[in-house]
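Notes to accompany the following structure.
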Amino acid sequence: MSEMRLERLKAIIEAYGAQPARWPEAERDAAQACLAAHPQAQAWLAEARALDGLMETLKAADQARADADQPLFEAAVERFAAEFAPLNNVVIFPRAPHRAPVSRPVVWGVGIAAAACLAGAVLGVNLSLMSLSDLRVASVLEQVAMIDGGD
């Protein structure tokens, strides 16, 4: 059995309460030996016993209150069930019809059409860029001709 420090005993009492049966089994014997050797630890144990007693009293009062409220709760549930149980109060939401899965040829057709559209867009952009560069070249040549003709 190893010797326990007072700080560890205080931590055990604060965490697990005054009943040694709740303390960690591996440290229980050392904690009880430390408790017997130190009067300050006895004072901590007395405070923990008072707190445990208070908690038990609150727990019993809370349980008594819950037991007293149980009939009221059951009556409220029964009243709710009586008001909303008839079938005329039930709302049935329409469901979307189940769609048939798309066939493979349709998927292929859509894919080929999308690829053709993309290819056309790329080709169109390239052609328009080429025509712009042709216009620029023509404009430069006209300007050079004007300059040469002016001499």
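The values are calculated or read from the model by the stated rules, or taken from the named source; none is laboratory data. What you are looking at is a predicted structure, and each value in this text was computed from that prediction instead of being measured. Here Cβ is always computed from backbone atoms with ideal geometry, including for glycine, and neighbour counts include all displayed protein chains.
Does the stretch 37-54 contain at least one residue that is within 35 Å of the chain's Cα centre (by Cα) and assigned by TED's automatic domain parsing to the domain that holds Ala18?
No, the stretch 37-54 contains no residue that is within 35 Å of the chain's Cα centre (by Cα) and assigned by TED's automatic domain parsing to the domain that holds Ala18.
Every residue, every condition in (1) touching a helix residue (DSSP H, G or I) at 6+ places or on another chain (Cβ under 7 Å); (2) at pLDDT 85 or above; (3) surrounded by 10 or more Cβ atoms within 10 Å (Cβ to Cβ), yes or no:
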site	(1), (2), (3)
Asp69	no, yes, yes
Arg79	no, no, yes
Phe84	no, no, no
Arg95	no, no, no
Trp108	no, yes, yes
Gly111	no, yes, yes
Val144	no, no, yes
Asp151	no, no, no
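Pick out the one residue from Ala60, Ala33, Ala48, Ala41 that is in a helix (DSSP H, G or I) and surrounded by fewer than 11 Cβ atoms within 10 Å (Cβ to Cβ).
Of Ala60, Ala33, Ala48, Ala41, the one residue that is in a helix (DSSP H, G or I) and surrounded by fewer than 11 Cβ atoms within 10 Å (Cβ to Cβ) is Ala60.
For Ala100, state whether it is small (Gly, Ala, Ser), exposed (fewer than 10 other Cβ atoms within 10 Å of the Cβ) and either at pLDDT below 80 or over 37 Å from the mean Cα position of the chain (by Cα) (or both).
Values: small (Gly, Ala, Ser): yes; exposed (fewer than 10 other Cβ atoms within 10 Å of the Cβ): yes; either at pLDDT below 80 or over 37 Å from the mean Cα position of the chain (by Cα) (or both): yes.
Judged against the criteria, Ala100 is a match.
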